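Notes follow the structure.
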Amino acid sequence: MIVMSSEKFNVREIASKLQTYSPFDVAELDGEYVVRVAQMRGIFPWHVHAKDEFFLTLKGGLTVETETSRTILDQGECTTVRAGLKHRPSSEGDAIVLLVEHKIIRTSKADFPEVKDKL
């Protein structure tokens, strides 16, 4: 479900209904990008996207690792993972994250069968 841009939405309410690593599409931008809210806990598998991915931590803490770096995000902090860069997000506790990414990017535990029932 995508909320229309003229509608108001409550991120806290959306986040309270989320399952871990099963993002909710809040809005679509220019027909190409989506704004998603996701709950993250545990370590997601290493993966690569053909487009950039933006992470903004709304609640909790998030770590975004690449093969050469580790970025720790506290509430209110953000980072961008560039296209083609192998990465994995992780969180020791529950983190609520706002993502902005191209709509072809699918990063749900349902897209990664090896972790589907583990996260």
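Structure notes:
- Any hit, segment 16-28, residues being modelled with pLDDT of 95 or more, surrounded by 14 or more Cβ atoms within 10 Å (Cβ to Cβ) and of a type in the set (Ser, Thr, Tyr): no
- A single entry from Ile43, Ile96, Ile105 fulfils the requirement of being modelled with pLDDT of 95 or more, within 14 Å of the chain's Cα centre (by Cα) and surrounded by 15 or more Cβ atoms within 10 Å (Cβ to Cβ): Ile96.
- The set of residues from segment 61-93 being surrounded by fewer than 17 Cβ atoms within 10 Å (Cβ to Cβ), within 16 Å of Pro45 (Cβ to Cβ), touching a Phe, Trp or Tyr at 6+ places or on another chain (Cβ under 9 Å) and without any contact (Cβ under 8 Å) to a residue 40 or more places away in the chain comprises just one member, Glu67.
- Test: residue in segment 80-87 that is in a loop (DSSP other than H, G, I, E, B) and among the polar types (S, T, N, Q): no
- Each residue in segment 1-12 was checked for being in a loop (DSSP other than H, G, I, E, B) and modelled with pLDDT of 85 or more, and 1 pass.
Table: residues versus (1) touching a helix residue (DSSP H, G or I) at 6+ places or on another chain (Cβ under 9 Å); (2) under 9 Å from Val97 (Cβ atoms); (3) not in a loop (DSSP other than H, G, I, E, B).
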| position | (1), (2), (3) |
| --- | --- |
| Ile14 | no, no, yes |
| Val26 | yes, no, yes |
| Gly31 | no, no, no |
| Ala38 | yes, yes, yes |
| Gly42 | no, no, yes |
| His49 | no, no, no |
| Phe55 | no, yes, yes |
| Leu58 | yes, yes, yes |
| Glu65 | no, no, yes |
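The values are calculated or read from the model by the stated rules, or taken from the named source; none is laboratory data. Keep in mind that what you see is a predicted model, and the values were worked out from it rather than measured. Virtual Cβ from ideal backbone geometry, glycine too; neighbours counted across all protein chains shown.
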